[in-house]
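First the structure, in the form of structure tokens, and then the observations on it.
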Amino acid sequence: MSTLKVHDKEFIPYITSQQIEEQVTRVAAEINKDYEGKRPLFIAILNGAFIFAADLFKKINVEAEICFIKLASYKGVKSTGKVITAIGLDAELYNRDVIIVEDIVDTGKTLSQFLPQLEHHHPASLKVASLLHKPAATVHSIKIDYLGFTIPDKFVLGYGLDYDGLGRNLKEIYQLI
Ligand code: IMP
């Protein structure tokens, strides 16, 4: 098994691109079924969710819209805990069926701060789709309605997720050794 060095850290292959594709397909099928006859608005959280959001959105076959927002800064292998106000949220959320698209729910801090902000706009419904979830890292419990993978509390990168800016372009997900 080939390891990968990014900055000062070593990573091993963890989730293959085929496994990712399978789970993205499954999640999309669940959303297509639940939103039949509706027109959901996907809100993808940059930067980490951009690849998951694109692959997921391509598999959505109900009428749907997507917008991208920027929220939090995350540096290094532990959350800074700082949440920046949403940038680029120009869509009207009132009475819309909103689906937040995240790369990973780690401590849950980001979404625990952001979801209540969205509730103020009175969407018709508000759901969360996340590619990854680390339940063992939970500080703020978040209901994830559509989930790709449950993973242990180890740092991962690839498929949109970075380590200090690098690794987002990897097709597979790697895990810190
Ligand atoms: P939370 O607020 O602790 O749930 O963290 C959310 C954000 O932290 C995610 O959207 C990611 O950008 C980042 N993050 C958390 N865990 C990892 C990881 O293992 N690798 C890369 N980024 C991570």
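Say we look at region 96-140 and pick out the residues that are more than 11 Å from the ligand (Cβ to nearest atom) and in a loop (DSSP other than H, G, I, E, B); which of these is surrounded by the fewest Cβ atoms within 10 Å (Cβ to Cβ)?
If we take residues in region 96-140 being more than 11 Å from the ligand (Cβ to nearest atom) and in a loop (DSSP other than H, G, I, E, B), then HIS120 is surrounded by the fewest Cβ atoms within 10 Å (Cβ to Cβ).
Can you name every residue in region 163-177 that is within 9 Å of the ligand (Cβ to nearest atom) and closer than 14 Å to SER2 by Cβ?
Correct list: GLN175 only.
So is GLY88 out of contact with any Pro (no Cβ under 6 Å at 6 or more places or on another chain), among the small types (Gly, Ala, Ser) and modelled with pLDDT under 60 or not?
No.
Out of the residues in region 23-37 that are surrounded by fewer than 15 Cβ atoms within 10 Å (Cβ to Cβ) and of a type in the set (D, E, K, R), state the one that is farthest from the chain's Cα centre (by Cα).
For region 23-37, the residue satisfying everything is GLU36.
What pairs come out if I take residues in region 15-34 that are in contact (Cβ under 8 Å) with a residue 40 or more places away in the chain and closer than 17 Å to VAL156 by Cβ and pair them with residues that are charged (D, E, K, R) and surrounded by fewer than 14 Cβ atoms within 10 Å (Cβ to Cβ) whose C-beta lies under 7 Å away, six or more apart or interchain?
SER17/LYS171
The values are calculated or read from the model by the stated rules, or taken from the named source; none is laboratory data. These numbers come from a predicted model, not from an experiment. Note that each Cβ is placed from the backbone with ideal geometry, even for glycine, and that neighbours are counted across all protein chains shown.
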